[in-house]
Structure formats: structure tokens, C-alpha cells
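The block underneath contains the structure these notes are about, expressed in C-alpha cells.
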């Protein structure tokens, strides 16, 4: 469908631009979680979002 409208090279260019945009988003907004505990990851995300954790709250199974 896109190839018919844009041609092969423009379709590939669109795909490349979307891929580069997705990579930039991941590098900027997704935190590194290697060697971090689940609690540390939760604290980092809560801090980034400006939320306060609820003490004693347990996730639903």
C-alpha cells in the first residue's frame, strides 16, 4: 500500500526515520535497569513521574 503511494525508496526512508525516532525515544526516556532491583526500578520511575509511593501497597496477583 505505501510502496504504491510513495515508492520503494520513500517507504524505506519513512521506515528509517521512524526507527531513528524510536531509538531516540528509548535512549532518552527508558531508564537503564541492569543490576537494579524491582524496588529500585519502581522508585526511579515514580521519581521521574513525580508520584509518591503508597506505603504497604501490594500489587494484585
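The values are calculated or read from the model by the stated rules, or taken from the named source; none is laboratory data. Model, not experiment: these values are computed from the prediction. Note: ideal-geometry Cβ built from the backbone for every residue, glycine included; neighbour counts use all protein chains shown.
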Any chance residue 53 is surrounded by fewer than 11 Cβ atoms within 10 Å (Cβ to Cβ), in a loop (DSSP other than H, G, I, E, B) and at pLDDT below 85: no
Six or more apart or on different chains, Cβ atoms under 8 Å: show the pairs whose first residue is in region 19-42 and outside any helix (DSSP H, G or I) and whose second is surrounded by 10 or more Cβ atoms within 10 Å (Cβ to Cβ). 31/41; 31/44; 31/45; 31/48; 33/41; 36/44
The condition from (1) surrounded by 10 or more Cβ atoms within 10 Å (Cβ to Cβ); (2) over 12 Å from the mean Cα position of the chain (by Cα) that residue 22 misses is numbered (2)
